[in-house]
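K.L.:
Once you've had a glance at the structure underneath, I'll fire off some questions.
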Amino acid sequence: MPTLNDLLENNRRWADKINQESPDYFPTLAKQQAPEFLWIGCSDSRVPANDIVGLLPGEVFVHRNVANMVVHTDMNLLSVLQFAVDVLKVKHIIVVGHYGCGGVKAAMGNEKLGLIDNWILEIRDLYYSKSKMFKGLNSDEEKHDLLCELNVVKQVSNLCHTTIIQDAWDRGQTVAVHGWVYGLKDGRVKNLNVTVNDKNQISEFYRLED
Ligand code: CO
């Protein structure tokens, strides 16, 4: 296992390498950031946003929490979202779940884990409400994979129902919300093709009008 000193040494090497290759890189970035992407992913250490999609510092705005949740009363998420949409004017918001997610797994079982059980309760609700979809599946892995995907789809919807996204669309801003799932086993991202970029794509029930 690396020590803390190893991390600092790694950092020095990394910064030196970038400074040598492009001396303007850090001074330019220090002045402003203009990322086009907001990544909402899981806190899992195996799902590092920049690395997976080959983006450099400055290219993706990131919010991560356990099980990549979009909870409407989460001030942290809402603040990130509002800043990304209203100020940075990101073009794409990507909810990135991952197969093998411990948060999703916990929501499928009955083991008491503590505070976290409240955080993932929405995933348990989702599992319960979509139980019919799981009937034909044989293995626990298939069920888990499906819930990981359904959770991403749900969080995409949750994003689109916020005032922040709807206000952006109302003023004609271009912003699309996407759902992906990352595979820990192969490092590949699967696009769930649930992109929403227009208010007409969301249920009328959730549309807010002036
Ligand atoms: Co996870």
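K.L.:
What residue, of Val80, Val87, Val70, is open to solvent by less than 30 Å² (accessible area, probe 1.4 Å), more than 16 Å from the ligand (Cβ to nearest atom) and modelled with pLDDT of 95 or more?
P.N.:
Testing whether each residue is open to solvent by less than 30 Å² (accessible area, probe 1.4 Å), more than 16 Å from the ligand (Cβ to nearest atom) and modelled with pLDDT of 95 or more leaves just Val80.
K.L.:
Can you name the residue in the range 15-41 that is outside any loop (DSSP other than H, G, I, E, B) and within 26 Å of Asn65 (Cβ to Cβ) and is also farthest from the ligand (Cβ to nearest atom) among such residues?
P.N.:
So the residue we want is Leu29.
K.L.:
OK, next. Determine whether the range 147-156 contains at least one residue that is open to solvent by 20 Å² or more (accessible area, probe 1.4 Å), more than 22 Å from Leu38 (Cβ to Cβ), of a type in the set (Lys, Arg) and in contact with a helix residue (DSSP H, G or I) (Cβ under 9 Å, 6 or more places away or on another chain).
P.N.:
No - not one qualifying residue is present in the range 147-156.
K.L.:
Of all residues in the range 92-116 being within 12 Å of Leu147 (Cβ to Cβ) and assigned to a helix (DSSP H, G or I), which is nearest to the ligand (Cβ to nearest atom)?
P.N.:
Gly103
K.L.:
So, one more: Taking into account only those residues within the range 42-56 that are open to solvent by less than 50 Å² (accessible area, probe 1.4 Å), within 16 Å of the ligand (Cβ to nearest atom) and outside any helix (DSSP H, G or I), which is nearest to Gly97 (Cα to Cα)?
P.N.:
In this case the residue turns out to be Cys42.
K.L.:
Please identify the pairs in which a residue from the range 93-109 that is in contact (Cβ under 8 Å) with a residue 24 or more places away in the chain has its Cβ atom under 7 Å from the Cβ atom of a residue that is within 10 Å of the ligand (Cβ to nearest atom) and of a type in the set (S, T, N, Q), counting only partners at least 6 apart or on another chain.
P.N.:
Short answer, once both residue conditions are applied: Val95/Asn68; Val96/Asn68; Gly97/Asn68; Gly97/Asn151; Val104/Asn151.
The values are calculated or read from the model by the stated rules, or taken from the named source; none is laboratory data. If you're wondering where the values come from, they're calculated on a predicted model, not measured in any experiment. All Cβ positions, glycine included, derive from the backbone under ideal geometry; neighbour counts span all protein chains shown. Please note that ligands, DNA and RNA were not included when accessible areas were found on the heavy atoms of the full protein model with its side chains. Shrake-Rupley method; radii C 1.70, N 1.55, O 1.52, S 1.80 Å.
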